[in-house]
């Protein structure tokens, strides 16, 4: 078979294949292509075809009347596994202590330990998303840089009968680090239940969050000039601390009850609300082999048979109640509230 005939047969089969594929995708000239929500189907009334796009809708605890939506559930940000905002910085290892590069207007009311360097990776009750979905939705993300450098994110939401909505969120980050003894593990898990009464007179939120950060501390490297030496991998550069370990663990339970006494589409309404937030926090640093790093710690740290140990356990309970005047026509809300906060600490060493 000569070359011209082979080329002619190749073009013929290519055109035939393209025509079959095109016909399979178009189906019928009078119908829309596959992937359109207006495609006619043979399903029963009220049942969506599998190719129907579903918008993810959610509310926040602060105001159930404001509905947020995610029309495109896969954006350019979803291909990134960097968990911080552009105005936040960390210590060079994903999951490591972070801080904001921009001024913050939020001020903690009352006592605070100040150990909030892992807060940007945590789930927070006020920003937890309560999904309102007749069709269950799930958004799963997995990113892997090496065998042990992984990042997992899971979001799930669905609605049940009588205004009951369930939401779940999970984030897990595991990073080995570039240098020795620098492993970082962060976990954030949250469950939320939102009850929106069918008559619109009552909203109730119940939220449980568990956050944790476990970090190996190396105190920095001893010889910065060795960085990038092809004969000396960074993971083998001598470090100051060989067994330092930081552990932060938080458990938070939050509930908020909102009673809609009066609603007016043209003028302000009246809402009464009650909120309680109970949380526990564990802050611990341990170095059982502190004797090998006496030059690093110096004489300012107390040593015992367990080495260096700094332990703080915090219990916090906050009650708040108030009245809100939501004005839908003006898209604004006036609010006043009272707040009570109690904190108890258990520390070791005591001096």
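Read-outs: derived from the displayed coordinates by stated rules, not from any lab. Owing to the predicted nature of the structure, the values given are computational and were not obtained by experimental measurement.
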Exercise. Mind pulling up the Rg/Rh value for segment 199-261? Radius of gyration and Kirkwood radius, both on Cα.
Key: 1.47
Quiz prompt | segment 123-246: relative contact order in percent, alpha carbon pairs under 8 Å with at least 6 residues between | solution = 20
Exercise. Would you work out if segment 90-169 is rounded, prolate or oblate? Take a ≥ b ≥ c from the square roots of the eigenvalues of the alpha-carbon gyration tensor; rounded if a/c is under 1.5, else prolate when a/b is larger than b/c, oblate otherwise.
Key: oblate
